[in-house]
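Where a number appears in this text, it was derived from the coordinates with a stated rule and is not lab data. Being a predicted model, the structure only gives us computed values, none of them experimental. Don't worry about glycine lacking a Cβ; one is built from the backbone with ideal geometry, like all the others, and counts go over all protein chains shown.
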Amino acid sequence: IVRGFGAGLGIYKEVLPATDWLQPMADGPSFRDGGQRLKYDKEGRMRPQGNQRAKDGLLPGKCPKLDGVVQKLLTEKQIDDRVLKRPGLLWYPDGSSDAIPHRHECWTA
């Protein structure tokens, strides 16, 4: 919604060690059958995605600084918190990953 919304609040230092992170493998569409397929590197090993996801998503109360910035975002952007069931939580360890503007039916913190 807004990149950098919680910059300078120490959220990264709070969330990173308090979260169990999972490393998914990169996948993409299989053009033969319309399903999904794993992606491999040149040596034939499964390639990890550039991000990691929190095992349990964003759990209220686990990271108070992040909870505060989420509530501020919901208020300022007038998002009804009925929409917020359990957002995902992503981490991009290399710090240089980005995405083009796009939409999801769900959202991540």
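The mean sequence distance of close C-alpha pairs (under 8 Å, at least 6 residues apart), as a share of the length of region 1-91, puts its relative contact order at 30 percent. Between region 20-48 and region 1-19, how far is it from one alpha carbon centroid to the other, in angstrom? After rounding, the separation between the Cα centres reads 28 Å. Extending 7 Å from Cα along the Cβ direction at LEU38 and again at GLU76 yields two label points whose distance is 4.2 nm. Spin-label model, ALA26 to ASP56: label points 7 Å out along the Cα-to-beta-carbon direction sit 3.2 nm apart.
For LEU89, the residues whose modelled amide H falls within less than 5 Å of its own, excluding neighbours fewer than 5 places apart on the same chain, are ALA54, GLY57, LEU58, ALA109. For LYS62, the lysines whose Cα comes closer than 30 Å to its Cα, not counting residues fewer than 8 places off in the same chain, are LYS13, LYS72, LYS77, LYS85. In sequence order, region 25-38 has phi-based couplings of 8, 5, 9, x, x, 9, 6, 5, 10, x, x, 10, 9, 6 Hz under the Karplus curve 6.51 cos²θ - 1.76 cosθ + 1.60, θ = phi - 60°, and Gly or Pro positions carry x.
With +1 on each Lys and Arg Cβ and -1 on each Asp and Glu Cβ, and nothing else charged, work out how big the dipole of region 1-98 is about its Cα centre, in Debye to the nearest 20.
Details: 17 positive and 13 negative charges, 26 e Å.
About 120 debye.
What number, in percent, do you get for the relative contact order of region 1-51 if the mean sequence gap of Cα pairs under 8 Å and at least 6 apart is divided by its residue count? Over region 1-51, the number comes to 28 percent.
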